Amino acid sequence: MPALDRVDAHIVLALDDDPQATVVALARRLSLARNTVQARLQRLQTRWLGPVNRRVDPATLGYPILAFVTLEITQGDIDRTVEALRAIPEIMEVHATTGDGDLLCRVVAHDADDLHRVTRDMLASPSVMRTRTSVALREYVPMRTTPLLARLAGSRPGQDPPPAPATVPDVQARASR
């Protein structure tokens, strides 16, 4: 999958500042052709920008407990295990890892009893032999991409990014005005 470029980074940063911005407003702010912004937004939404529901804090849905559960599984049955884990709504993410465990799960729960139920559900999944749970007490740095986008765009977080570089279609569009 191709990576985002500087223009994409500028668009995403502008959307972070104003999520309701129209294509025309983004084009003006970034000094880009409207068609360029429209095409890039479509590509960004199709390939890279996650669904809006990822922005909802699980605590607002009644799940204030966040835990990271490491699973040790028997080898060779990972597909069935992952499929069973997908069926547990409280599992937010599952990653294959190196080290002591095989899978790392980001899990939410209503309270300690609910977390116990979720881990028992995980243990009932095919091939799960053992779990280790670490409960998050406080989040110091939330999941973020703004510093990486700002670097790609050529600016520091909190600083207005430099104007997006003109692309060949931009130059052609401006010449035809």
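Values in this text are rule-based calculations from the coordinates and carry no lab data. Given the structure is predicted, the values throughout are model-derived calculations rather than measurements. Quick reminder, even Gly has a Cβ in these numbers, built from the backbone with ideal geometry, and neighbours come from all protein chains shown.
Miscellaneous remarks
- ARG132 versus VAL24: modelled label distance in nm, points set 7 Å from Cα along the beta carbon direction: 5.8 nm
- Dipole of segment 1-103, positive end: most advanced residue of ASN35, VAL94, ILE11 [Cβ charges, Cα centre]: ASN35
- Cβ-defined net charge surrounding LEU71, 10 Å radius [Lys, Arg +1; Asp, Glu -1]: 0
- Rounded to the nearest 20 debye, the dipole magnitude of segment 1-55 is 140 debye, with +1 charges on Lys and Arg beta carbons, -1 on Asp and Glu beta carbons, and the Cα centre as origin.
- Under the simplified labelling scheme, the TRP48-LEU15 pair shows an inter-label distance of 1.0 nm, with each label point 7 Å from Cα along Cα→Cβ.
- Contour excess over end-to-end distance, with Cα ends at ALA87 and THR146 and 0.36 nm allotted per residue: 18.1 nm
- Placing +1 on the Cβ of every Lys and Arg and -1 on the Cβ of every Asp and Glu, with nothing else charged, gives the chain a dipole about its Cα centre of roughly 960 debye.
- Subtracting the Cα-Cα distance of ARG34 and VAL56 from 0.36 nm times their residue separation leaves 4.9 nm of extension gain.
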